[in-house]
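The values are calculated or read from the model by the stated rules, or taken from the named source; none is laboratory data. A quick note: this is a predicted structure, and the numbers were derived from the prediction, not measured. Cβ sites come from the backbone with ideal geometry, for glycine too, and all protein chains shown count toward neighbours. With ligands, DNA and RNA removed, areas are computed over all heavy atoms of the protein, side chains included. Shrake-Rupley method; radii C 1.70, N 1.55, O 1.52, S 1.80 Å.
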Amino acid sequence: MESKMSEYQTAISRRDLMRGSAMVAAGAMVVAPVDTADASEPVSKRFEALATVQVEVNGVDHQLELQPRVTLLDMLRERLQFTGTKKGCNRGECGACTVLLDGRRVNACLVLAVAANKRKVTTIEGLVDGPHLHPVQQAFIDHDAFQCGFCTSGQIMSAVGCIAEGHTGSNAEIREWMSGNICRCSAYPQVAAAVEAAAREKV
Amino acid sequence: MSNLGQPITRADGAVKVTGIARYAGDQNQPGQLHAVLVASTVPAGCVSAIDARAALAIPGVSRVLVAVDMPRVHADLDKISVPPLATRFIPMQSHNIVHEGQPVAIVLGESLEAAEAAATIVRVTYERAAFIVPETAAVVSADPKKGSYSMSNALEFNKGNALAAIAAAPVKAGAAYTQPSRHANPMEPSAIIAVWKGDRLTVYDAVQHLPAVQNVMAAVFGLPATSIRVVSPHTGGGFGAKAFVWPHEILAAMAAKVVRRPVKLVLTRQQMYGMVGPQPQMVHDVHLGAGADGKLLGVGHATTNITGVTEDYVEFGAVPGRTFYACDNITTSQRVRRGNVTLPTFMRSPWDGPGSWALGSAMDELARALDMDPLDLRLINYAETDPESGKPWSSKKLREAYEEGARRFGWRTRPKGGTRDGHWRIGYGVADCSQGQARFHSTARIRLKADGTAQIESSFCDIGTGPATIFPQIAGEVLGLDPKRVTAVAGDSDLPYSGPTYGSGTTISTGAAVQQAAQRVRAKLARLAGWPAEEITMRDGQIIHGDKSRTIREVLGEAGVAELVSDGTFDLPGGAPVDMGPPEFPARTFGVIFVEVGVDQELGLLRLRRATGVYSAGRIINPRTARSQMIGGIVWGWGMAAMEASHFEPALGRWLAKDLAGVPLPVNADIPPEIDVGFVDEFDANSGPLGAKGIGELGATGVAAAVANAVYDATGLRIRDLPITPEKILAV
Amino acid sequence: MRDFSYAQATSRADAIALAGLPDTMVLAGGTELLNWTRIGVVEPARIVDITRISGMEGVEALPNGGVRIGALTKLNDAAQHPLIRASYPVLSEAILKSASAQIRNLATVGGNPLQRVRCPYFRADEPTPCNKRVPGSGCAALHGFNEKHAIFGWTKDCVAVHPADPPVALAALDAVFITEDKNGGRRLAARKFNVLPSEDPTAHSVLRHGELIVGIEIGGPAPKSAYLKIRERESYEYATVSAAVALDLDGDVIRRARVALGSVAMQPWRLDETERRLVGQKLGSPAIEAAVAAGFVDARPLSSNTYKIKLARNAALRAIELAARA
C-alpha cells in the first residue's frame, strides 16, 4: 500500500506541473486562451473569460460582469445580496438552494450564472406580494413546516414548483416530489401537509 | 385562558418563510474577505512545506495564511475547559497534524470563487507519520487529563454485584451492539464572519451557545469578555455540531486580526465531516439477567467509543443501563479507543441516544427469551425511583405514557409479526425513550412598555426549537398579554446571559428566568398601582385588583415611567452552571416509541409504515412546536436505524464519503404522514418553576431499538449493527 | 472551481466546432459537470454551453413505430411525455426515480448517460488511488469499502459501477445514441456506451472528444416494461441495484424478454443468457428463476458485496413480475 501511495503521489505532482504550465490568468481583461491549434483560432476567440450576465431576478433586471465559474447561487448570495437562498452542500445534494429558473425549480448551485443569461429567476424574496405572504408561505406557517428555517427557502420554492408541475395529487406524490429538499430538523410530514393545503387553495 | 399549552404559530415564521431571517453566512460585512480553508490530506504527521505561489497568482487572492502567520494563542485559553472549547489543539499553531481534514492554511480572497480556486492549488508537502485507525485501536480507560469530557458522568459504576447476578440468572440476554460514527449534518454548514474594530471583535457565528464563543475568543486573544460580541439571531440547525467552539471559528477570528479586514468563512459540506466532530462509532456490550418472572436480576452495560488523539471524548452510552430499569445489581463502564480522527462530540441525544439503542434491543431479546410481551417486561421492571441513586425522580409518568401509547398504536391488538402485505413482511417494535435532563444557569430581562407590549432580552439562540415563540407565551402568561405583543430579542451576547441550546435545557432554564423576570415586572407594576402583588391579576394589558382595573399605560403614565424593567434568573444549587436535575430529584424525560415497519426480504428494503410516540416530558408550553420537535426526533432516530453511517476509511485514514450523497439522510418520501405524537399531562414541580422539562432530544432516543425490534418481529433476524441496510435483511 | 472561459453554441455545427477544441467540455444541464470541476475530476479551460441550440429538444414518433428523443430534452419532460409514459414505461420510471425533481428539470437525456461513477474514492476531493482520476494510481475500492460496487465485469483496476438509471432502461430497450461530430456521426448502442475496465479502466464512455449526442432512438413500443430501483432511502439516492425489464407476452407466455441490471457493472448489464432462456416460459413458473440464475454465472463478488449478487437476482425476478403487470 505504501509504495502504491508514493507512486500515486508522484503521478499527482506530474499532473500539477502540467496543470501549472497551462494556467490562464483571468481577470478584468479578456485574455486569449492557451491554444495551440492555429486553424481554430477564430473559433476559440468566441470564449469569454469574463462575461456580462443579464438576469431578471424577482422582476428586476440585473447586469453583472462575472467569471464563468460563478454559480447562479453565488451570484445571488454574494453579488446581489439575495441571502434568502441558502447554500447547504454546493453539490446539488440537498435542495436548500432551490430557485425558479424561467418558472421551473432547479438547484441554483448547479447553474452557472452565465448560463442563466437573459433568463428569469425567482427567489424566496420574490414570492411575497407586498405585505401579503404567498399561499405556500402562509401554509408553511400554518402547518409548522419548519424549525431552524435554513432549508425553508428551498422547500418553499420547491413547493411552488411542485404545485405548478401538478405533482400534488396525493400525500405520497407530494412526499416523493418534494424529496429533493432535505430537512434535518425533519419537518417532513408538516411540509407535505403544507404543500397539500396550499395546492388545494390554489385550485 | 392560559397562554401556556397553546399551540400558537411560530413568532419567527414570517422571517423564516420570506428568507429574511439571517444566518451567519448571510451577515455580509463591508470590506470582507472570503476565507477558504486548506485541509490536511494526511491523517498524521506534520506539514513540512507550503508553496502558495500559484495560489497567490490567481487574481483576487489576497493572502494565504500559514502557521507562522498566525498569532499565538494567549495563555488565558488554558483557563477555558474542554468543553465548551471543543479541543485544545488549535490547528496552525504548530505544524502537527492530528487528523485528516485538519486546517493547515487559510486562503483569503476578494471573491469566493478566487479563494476556492486558490485553495485547490496550495501545494502542501507533508511528512507522513504512521496513523492509528480508531476502530481497531486498543481499548483504554479515558484519561481525565485529556479534556474534561470524561468527567461529565461516571466512567465506572457498580451497584450490588451484577456479574454474579447475571451469571446466576435463570434467563439471560444481551450481546454486542454496534453503531457507526454519524455526522450531525445540520442543513447549515458551520459559518462565521469575524470583524475587528481596534481591540474589539464581533463574530457572526453559527452557534448553540453565544457566551461560550465569547469566552473562548476572549481567552484566545487575551482580552476581556466585554471586548467580544457574538451575534447569532438564527442558527441553521445545531444537533450538537455547533454546541462547542471549534477550531475553524478561532482561525477565522485570527485571520481577520492578521489581515485587518472582516473575514467570512463558510465551511464546505466536505469540511463539515473533517472539521466538526461526529457522534463516535461505539460498541455496547449489554448483558441482562432476569428471573423467569421477568424481573431484572442484573444489568451490565459497557461501552467503548472512538475518540481522537488530542482529547478523550467519552460517549456515555451506558447511562441508560443505570437509569432506565429497576435493578439491584448494575454495572456500567465507559472506555475509549484513540485514533487519528476528528474529535467526536455531542450529537442530538448524546448518551441516551446510543445507550437506548443497545439497551432497548437487549430488553427485546430478553422479552423473547422469556416469551413475554416486551411492553410487559418494561412494566415489570419499571423504575419508580432512579436506579442509580435511589432517589425519587423529579417527575415521571411513564406508565401513563405506556398505556396511552399502546392504546393509540394498537399495541395489544397488533397482528403477529411477519404478517404479509404483498411482498412486505410487517413487524412491530417498542422501546423506551428517555433523556437525561440538563439544567443551565440562565438569566433574562423583561421590559414592559406603556403601550402594553413587552420585550424579552436574553442571549439564547434559535436553532429551531422555538424559544422566540415559547418565551413570549411564558411572559404573556404572567403579564396577561397576548404573546403576539411580546417580542423576544435574542442572539446577541450583549444581552443578559442565557444557558446553551443543547441538553434540551433551554425551556426549563431560560424559560424559568423569563418567568421570574416577568413576575418581578408584574410586582413592580403592582407596587406602582398601589396594590399588593399577590392580590392582583393581569389580563389584556390591564392590572386588576378585585373589581378595579387599570391599564398598564395609565399606571406607568401616572408614575412618569416609560417602561418597567426587571431581570430574572434561574439559579442552580451551589451556583453551578449546569446540572442534571436538583440534587434530591434526578431529572429525566421519558416516553415510549412504537413503530410498524415493512421489510421486503427479497429486495433488502426496510420502510417505516407508522409510528406512535407518547412522552412524559413535563408541562408542554406549546403543543404545536413540541409535536414538530418530537417528529424531528423520531425521523432522526429513523436515520440512525436505517441508513446513516460515516465510514472511516482505514487505508486512507479519513472519512470515506464527505457529502450528502454518499451518506444518506432521511428524505420526505421515507416518512409517512402517520407519525402520531402525544404527551402525558404532567407538571414537574421539582425541576424548575415552569413545570416543564426539555423535549429536543427525547424523540430521538429509543427509535433505533424499536426499529430493530420490529425488524426482528417481521423476519426473525436480530440486527445488532446499525444501520440496518439491505445486505443485513436480505433473506439468505 | 478552476477558472474556465465560456461560449454559447448557436447551432449543432457550431457546438461541434467549439467542443472539438483542446481542453474543452460541453455544458448542457450542468448537473454533473459543475461538480466535476469542483472536485477536480476535470479542469477544462473552456466550456461550451449547448442549451441555446434549437431543434434538439422534444419527443417525436418515428415512422417505423419507434421514437426519437432530442438530446436536450429535460429528464422530467421526457419522462412525462405521453408517448414515453404509454409506450416505454420502463424509461419513464427510470427517469422519475433518478435524482430529484430539481435536478431532472435541468438535466438532459443526452447528458445523463455521460454521468460518471459515484464510487466515493473517485469522488474524493483529496488525492486517492483511483485509475479514473489518475491513470496508474491503482484502485482503492478493490480492497476498501466496496459494498456498492460491481459484481460483473470488474478488474483489479476498477470496480466501480455506472450509477445512472435511464441508461439501464435504454439498454433494455436496445436504444441507440445518435451522435454528430466533424466527420459526421455514429449510432452507438446504449448497452455498449460505457467502457468496461477490461478494455480501459481510465475511461467512462466511448464518446469521443468533439462528439455530441444529439438524440436517442428507441425501437418499437414496450408497454409491458418496468423499472425497479433498490436503495436505502425511498428517493433521491443512487441505486444499490436496479433492474429494467421489457417483455413481449403472448397471454402469459414470454415471447421475448430484455433484462438489464443497473449499478452492478461499469455499464448496464444485459442478461443475455437469461433472456434466451426466458423465451417460451410461462409467467410465474419456476423456470423463470432458473433463467435468471443462468444470467449470473459470471457474477463475481468483491470483498464486501456478495449480497449484491442475490439482491440483483431478486431484483431481476421482481422486475419481471412488475413488467408483466404493467
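Of note:
- Stokes-Einstein D in µm²/s, Kirkwood radius over Cα pairs - segment C:183-266 at 10 °C with 1.306 mPa s viscosity: 101 µm²/s
- Size of charge dipole - segment C:79-198 - debye, nearest 20, with Cβ of Lys, Arg +1 and Asp, Glu -1, no other charges: 120 debye
- Exceeding the 25 Å Cα-Cα cut-off - candidates B:LYS397/B:LYS484; B:LYS145/B:LYS257; A:LYS87/B:LYS16; B:LYS295/B:LYS693: B:LYS397/B:LYS484; B:LYS145/B:LYS257; B:LYS295/B:LYS693
- With the convex hull drawn around the C-alpha atoms of segment C:1-77, the volume per residue stands at 109 Å³.
- With bins 5 Å wide beginning at 0, the percent of Cα pairs of segment B:206-334 falling in each bin runs 2, 9, 13, 15, 13, 11, 9, 8, 7, 6, 4, 2, 1, 0, 0.
- Length gained on full extension, C:ARG85 to C:THR202, computed as 0.36 nm times the residue gap minus the Cα-Cα distance: 38.5 nm.
- Compactness of the protein assembly as shown, taken as the C-alpha radius of gyration over 2.2 N^0.38 Å, stands at 0.92.
- Cα convex hull, segment A:84-126: 62 Å³ per residue, rounded to a whole number.
- Radius of gyration and Dmax over the Cα atoms of chain B, both given in Å: 26.5, 84
- For segment B:1-119: rounded, prolate or oblate by the Cα gyration tensor [a/c cutoff 1.5]: oblate
- About its Cα centre, the protein assembly as shown has a charge dipole of approximately 900 debye under the convention of +1 per Lys or Arg Cβ and -1 per Asp or Glu Cβ, with nothing else charged.
- For segment A:99-116, putting each phi into the Karplus relation 6.51 cos²θ - 1.76 cosθ + 1.60 with θ = phi - 60° gives couplings of 9, 9, 10, 6, x, 10, 6, 9, 8, 5, 6, 9, 10, 6, 4, 5, 6, 8 Hz, in residue order, rounded to whole numbers and with x for Gly and Pro.
- Here's how it looks for B:ARG63: its modeled amide H is under 5 Å from those of B:LEU108, which are all 5 or more places away or on a different chain.
- Where the protein assembly as shown is the region considered: accessible area per residue in Å², 1.4 Å probe: 33 Å²
- Of the three principal axes defined by the Cα atoms of segment C:55-326, the extents in descending order read 54, 48, 35 Å.
- 5 angstrom amide H check on B:ARG610, placed H, neighbours 5+ away: B:GLU596
- The mean number of partner chain beta-carbon atoms within 10 angstrom of a residue's beta-carbon across peptide C:119-125 is 6.
- Listed residues B:ALA119, B:LEU163, B:ILE58: farthest to the positive end of the dipole of chain B (Cβ charges): B:ILE58
- Among B:TRP393, B:TRP424, B:GLN437 the positive-end extreme of the charge dipole of segment B:375-443 (Cβ point charges): B:TRP424
- Local net charge near B:ALA705, Cβ-Cβ under 10 Å (Lys/Arg +1, Asp/Glu -1): -2
- Loop sites in segment A:95-187: trypsin sites (Lys or Arg not before Pro), DSSP, at most 13 other Cβ within 10 Å: A:LYS118
- When chains B and C come together, the accessible area they lose, probed at 1.4 Å and totalled over both chains, is close to 2800 Å².
- Sum of -39500 (n - 2.57) over DSSP H runs of 4+, divided by residues of chain B (222 nm, nearest 500): -7000 deg cm²/dmol
- Vicinal HN-Hα couplings computed from phi for segment B:2-17 (Karplus, 6.51 cos²θ - 1.76 cosθ + 1.60; Hz; Gly/Pro x): 6, 6, 6, x, 8, x, 5, 6, 5, 5, 9, x, 4, 6, 7, 7
- q = 0.15, 0.25 Å⁻¹, segment C:257-302: log10 I(q)/I(0) [Debye, one scatterer per Cα]: -0.38, -0.90
- Furthest towards positive pole of dipole, C:ALA140, C:ILE151, C:ALA7, structure part chain C, Cβ charges: C:ILE151
- Calculated FRET efficiency for the pair A:ASP102/C:LEU62, C-beta based, R₀ 35 Å, to 0.05: 0.75
- Note on B:VAL592: accessible area is roughly 0 Å² with a 1.4 Å probe, heavy atoms of protein only.
- Distance histogram for segment B:302-349 (every C-alpha pair counted, 10 angstrom bins, percent rounded to whole numbers): 26, 43, 23, 8
- Residues with amide H under 5 Å from that of B:ALA39, placed H, sequence gap 5 or more: B:VAL104
- Packing, as the average of other Cβ atoms within 10 Å across residues, places the peptides B:36-45, A:129-138 in the order B:36-45, A:129-138, highest first.
- For a straight C-alpha distance cut-off of 28 angstrom, the lysines reachable from C:LYS282 (same-chain residues fewer than eight places away being disregarded) are C:LYS224, C:LYS229, C:LYS308, C:LYS310.
- The charge dipole of segment C:55-326, taken about its Cα centre with unit charges on the Cβ atoms of Lys, Arg (+1), Asp and Glu (-1) only, comes to about 280 debye.
- For GluC sites (Glu not before Pro), the sites in segment C:186-265 that DSSP calls loop and that have at most 12 other Cβ atoms within 10 Å are C:GLU199.
- Kirkwood Rh (inverse of mean 1/r, distinct Cα pairs), segment B:451-566, angstrom: 14.6 Å
- Charged neighbours of B:ARG408, selected by a Cβ distance under 13 Å, balance to -2 (K, R count +1; D, E count -1).
- Rg over Rh for segment C:5-49 works out to 0.97, both radii taken from alpha-carbon positions and Rh defined as the Kirkwood radius.
- For the pair A and B, total buried accessible area rounded to nearest 100 Å², probe 1.4 Å: 5000 Å²
- The string of couplings for segment C:159-171 from the Karplus curve (6.51, -1.76, 1.60, θ = phi - 60°) is 10, 6, 10, 7, x, 7, 8, x, x, 5, 5, 5, 5 Hz, one whole number per residue in order, with x for Gly and Pro.
- Dimensionless Rg ratio for segment B:491-535, taking C-alpha atoms and the 2.2 N^0.38 Å reference: 1.52
- Each residue, A:LEU64 and B:ALA154, gets one label point 7 Å from its Cα in the Cβ direction; the gap between the two is 5.9 nm.
- Split the accessible area of segment B:144-290 by element, probe 1.4 Å, and carbon with sulfur accounts for 55%.
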